[in-house]
Amino acid sequence: MKKGEIVKVKKRIIINGKIRRDKIVKKVVSTFIGTEYKKKGKGIIFLYPVEEFPDGTNLFIARPGHKKNFDFKVEVEERFFLGEGTHIEIAKDLRNKKEESQENFKKLLEAITKIYTCLENDVDKILQQLNVSFKTGAKVDILLKIIKWLFIMEDIIYWDNEGRAFLFNFLKYVSEENNKDRLKEALEKIKNPDRLKSYMKKSDMEWITPEK
């Protein structure tokens, strides 16, 4: 393989149903190993399709990620209306949706919680029951599928820490914090789970773990 080559993997990585986090990580990492074994090289990028959208296009994850090893990057395209797909951009999108409709946001957060706790990893199945839409920001199906793979990425990178929990509670905190001055301060200072927990405590918010 030539340096700088992009390898587009044909088979989609499917993570559906009620699957424990450890089994999800094992399946995804095993796919990376089986696909990339003896095919790696400096500058080579692997693109894996992981979710399909109604128009027939796919959500891709790319390897290697920023941290190397088994890290990957969720490919957030301009058409998704999430900027570069940073945690802050996604959290602000959720906050905007809450401001548009608190009722629909509550249902959306319940759907995200199902994915977070691995009660259901099939986003299309969740969408059939969710049936909400927003005028602002990303489409719900795109948002949920990106968040699902960000959770998986956090598990792989920070398996021995609170990566998945940090992301979920950060999204929840930013979208629900009523004190705008405190939110502004928090966005500047939150760099780890402990700092986030302190801000959530100030706002009487409960830290939710993946096991609940």
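Since every read-out is calculated from the coordinates, none of them should be taken as a lab result. All values derive from a computational prediction rather than experimental measurement. Counting neighbours? That spans all protein chains shown, and the Cβs are built from the backbone with ideal geometry, glycine included.
Structure notes:
- Gyration tensor verdict on segment 161-212 (Cα atoms; rounded if a/c is under 1.5, prolate if a/b is larger than b/c, oblate otherwise): prolate
- All alpha carbon pair distances within segment 75-135 were sorted into 5 Å bins beginning at 0; the resulting P(r) in whole percents reads 4, 17, 22, 25, 26, 6, 0.
- Taking a ≥ b ≥ c as the square roots of the eigenvalues of the Cα gyration tensor, segment 129-204 is oblate, since a/c reaches 1.5 or more and a/b is not larger than b/c.
- Of all the options 180, 107, 27, the one that moves most in a Gaussian network model of the chain with Cα springs shorter than 10 angstrom is 180.
- Binning all Cα-Cα separations of the chain at 10 Å, short to long from zero, yields these whole-percent fractions: 8, 33, 37, 18, 4, 0.
- Net length available on complete extension from residue 185 to residue 39 is 48.0 nm, with 0.36 nm assigned per residue and the Cα-Cα distance removed.
- Within the chain, helices built from complete DSSP H runs that reach 18 Å or longer along their own axis (Cα positions) and carry a mean Kyte-Doolittle hydropathy of 0.0 or higher are 140-157, 163-176.
- Measuring nothing but how far apart in sequence close Cα pairs (under 8 Å, 6+ apart) lie, relative to its length, the chain scores a relative contact order of 19 percent.
- Simple label model, 7 Å out from Cα along Cβ direction - residue 12 to residue 194, nm: 4.2 nm
- Choice from 20, 182, 63 showing the highest fluctuation, given a GNM over the chain with Cα pairs closer than 10 Å: 182
- At R0 = 35 Å, FRET efficiency that the Cβ-Cβ distance of residue 176 and residue 5 yields, to 0.05: 0.20
- Residue of 162, 188, 52 that the Gaussian network model of the chain assigns the largest fluctuation, springs spanning Cα pairs under 10 Å: 188
- Considered as an equivalent ellipsoid built on the Cα gyration tensor, segment 1-104 has semi-axes of 29, 17, 14 Å, the largest given first.
- Inter-label distance, residue 128 to residue 55: 2.4 nm, where each label sits 7 Å from its Cα along the C-beta direction.
- Of interest is the spacing of the C-alpha centroids, which for segment 118-135 and segment 30-83 amounts to 23 Å.
- Within straight-line reach of residue 42, meaning a Cα separation under 19 Å, sit the following aspartates and glutamates at least 8 residues removed in sequence or on another chain: 5, 71.
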